[in-house]
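One structure below.
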Amino acid sequence: MNLFPHQDQVLNDTYHHNRVAYYLDMGLGKTFVGSEKMWELNTAYNLVICQKSKISDWAQHFKDHYDYHVIIYDKQAMDKIPAESVLIINYDKVWRRPELNKLKHFTMMLDESSMIKNEKSNRSKFILGLNADNVILLSGTPTGGKYEELWSQLHLLGWKIKKELYLKQFVKYEWDELNQQNKIIGYKNVDRLKSKLRKHGAVFMKTDEVFDLPPVNNQIVKIAPTKHYKDFAKDHIIDINGETLIGDTASTKKLYLRQLAGVYNPNKLNYVKDLIDSTNDRLIIFYTFKKEYAALVDLINRPISTVNGDLKDTSAYEEHDNSVTLIQYKAGAMGLNLQKANKIVYFSLTDSSELFEQSKKRTHRIGQDRPCFYYYLLTAGSIEWRMKEVLEQRKDYTDALFEEEEM
């Protein structure tokens with residue numbers, strides 16, 4: 001396999017490590033680096049854990065470039081699995097396969113290793129309990145801007161620091177009088193954290209260190225609010241389109257404020273329609289809720305591709321220059337190569353900094369030769385502005401891990 005120089009460099013830098021984390025920016029070829037490291041480690045059995053949507057991609061990658069027995073793992077008997085095998089399974093299924101605990105002397109690779117950020121979840125507890133000889137972690141956004149969520153990955157790299165001590169050394173707190181608990185206000189000793197990570201086989205690399213990608217243009221579009229939004233923000237209850245929205249908890253209030261700023265705001269829907277009508281280029285639209293998808297489909301009169309929890313169909317994107325691709329964050333913010341397009345419209349925002357940053361890299365990646373445009377549609381005076389602010393703050397924390405250490 002012919003690798004790029006930066007990929008060779010990463011492998012050379014970690015040659016003597018059997019537990020590594022390749023925190024490479026989206027588009028730098030983590031798949032190739034990870035699989036080459038797996039091949040170098042040369043164990044009889046290999047376990048790849050990934051998102052469900054990436055299983056077929058990983059299977060095809062190993063079939064195209066290696067001589068492994070590739071097994072999309074379900075419930076095969078462990079004693080029937082031949083040597084020189086790669087078992088591929090998704091995060092949601094792995095913890096339901098206790099027979100994997102019988103695997104010995106194997107290499108484990110986690111694609112998008114931030115998926116184990118909650119060490120108390122079933123998937124994380126199971127993965128942390130597997131007896132892997134070697135570990136390969138892959139992610140472009142290892143923390144989603146939250147360093148407290150890195151501990152599980154550190155544990156797999158062999159840094160056996162206790163969670164309480166880790167938080168004490170690297171996380172800043174202040175007392176929240178209203179909720180009577182500590183809240184995280186920032187981080188400390190970041191250079192020390194980065195140094196420890198690198199000593200345990202972690203490599204950080206940004207795309208702009210390697211390739212000269214086209215410029216990015218961020219367009220903030222202020223959308224007029226509606227009276228419904230203002231009334232709900234004040235009273236926490238409203239009747240709209242035959243529905244009654246009641247914000248009787250903090251979470252439901254936030255949910256309906258987001259929807260009233262988005263799918264229930266005809267001003268935003270009208271702007272999207274005008275934007276679509278103004279260009280014949282491919283457009284990518286990220287959305288959050290099923291209601292948004294239904295409303296967007298109704299107003300689009302062009303070939304449509306869809307990526308969500310129910311459907312993945314990118315044929316219109318591939319075949320039509322004027323297509324519109326509708327992507328739900330959780331289903332498509334990671335892993336898709338969409339550099340045929342150079343315009344992304346954010347109809348609504350996600351709560352996840354990781355998914356937000358990943359989404360932008362669907363078009364701004366190797367192979368893109370045009371400037372990329374991001375249109376953020378934010379309803380004036382709405383919750384969306386605070387959400388954007390929080391996402392940017394978490395991006396700053398993520399970027400800090402990729403920066404060179406201060407000497």
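All of the numbers you see were taken from the coordinates with simple rules; none came from a lab. No experiment lies behind these values; they were computed from the predicted model shown. Ideal geometry is used to build each Cβ from the backbone, glycine not excepted, and the neighbour counts take in all protein chains shown.
For PHE402, PHE62, what ranking results if the residue with the fewest other Cβ atoms within 10 Å of its Cβ goes first?
PHE402, PHE62
Compare the Cα positions of MET26, LEU3, MET115 along the charge dipole of the chain (+1 at Cβ of Lys, Arg; -1 at Cβ of Asp, Glu; about the Cα centre) and return the one farthest towards the positive end.
Result: MET115.
Estimate the FRET efficiency between LYS188 and LYS162 by the formula 1/(1 + (r/R0)^6), using the beta-carbon distance for r and 25 Å for R0, to the nearest 0.05.
Once rounded, the FRET efficiency stands at 0.90.
Charges at C-beta only: +1 for Lys and Arg, -1 for Asp and Glu. How large is the resulting dipole of region 5-209 about its Cα centre, in Debye rounded to 20?
The dipole magnitude comes to about 820 debye.
Put a dot 7 Å past each Cα toward the Cβ at GLU174 and ASN301; how far apart are the dots in nm?
With each label point 7 Å from Cα toward Cβ, the separation is 5.4 nm.
Could you sort the peptides 72-79, 139-146, 128-135 by per-residue average Cβ neighbour count (10 Å cutoff), highest mean leading?
So the peptides 72-79, 139-146, 128-135, ranked by packing, come out 139-146, 128-135, 72-79.
Sorted by packing (mean other beta-carbon atoms within 10 Å per residue), highest first, where do 172-183, 261-272 land?
Output ranking for 172-183, 261-272: 261-272, 172-183.
Just grab the label-to-label distance for LYS104 and ASN270, each label 7 Å out from Cα along the Cβ direction, in nm (one decimal).
7.1
When the dipole is taken about the Cα centre of region 1-115, and only Lys, Arg (+1) and Asp, Glu (-1) are charged at their Cβ, what size is it in debye, to the nearest 20?
With Lys and Arg at +1 and Asp and Glu at -1, about 540 debye.
Along Cα→Cβ, 7 Å out, is where each label goes; now give me the distance between the ones at ASP74 and LYS125 in nm to one decimal.
Using points 7 Å along Cα→Cβ, the separation is 2.8 nm.
What dipole magnitude, in Debye to the nearest 20, does region 216-402 give about its Cα centre under +1 on Lys/Arg Cβ and -1 on Asp/Glu Cβ?
260
What's the ranking of 293-300, 26-33 by average number of surrounding C-beta atoms within 10 Å, highest first?
Ranked by mean Cβ neighbours within 10 Å, highest first: 26-33, 293-300.
From the Cα gyration tensor of region 171-306, with a ≥ b ≥ c the square roots of its eigenvalues, which class applies: rounded if a/c is under 1.5, or else prolate if a/b is larger than b/c, or else oblate?
Since a/c reaches 1.5 but b/c is at least a/b, the shape of region 171-306 is classed as oblate.
Work from the charge dipole of region 341-393 (Cβ charges, +1 for Lys and Arg, -1 for Asp and Glu, about the Cα centre) and give the residue of SER348, ALA380, LEU391 farthest towards its positive end.
SER348
Mean-square fluctuation check for the chain, GNM, Cα pairs under 10 Å: which of HIS320, HIS200, HIS364 is largest?
HIS320
Check cross-link reach from LYS63 to the aspartates and glutamates: straight Cα distance under 14 Å, and skip same-chain residues fewer than eight apart.
Correct list for LYS63: GLU36, GLU84.
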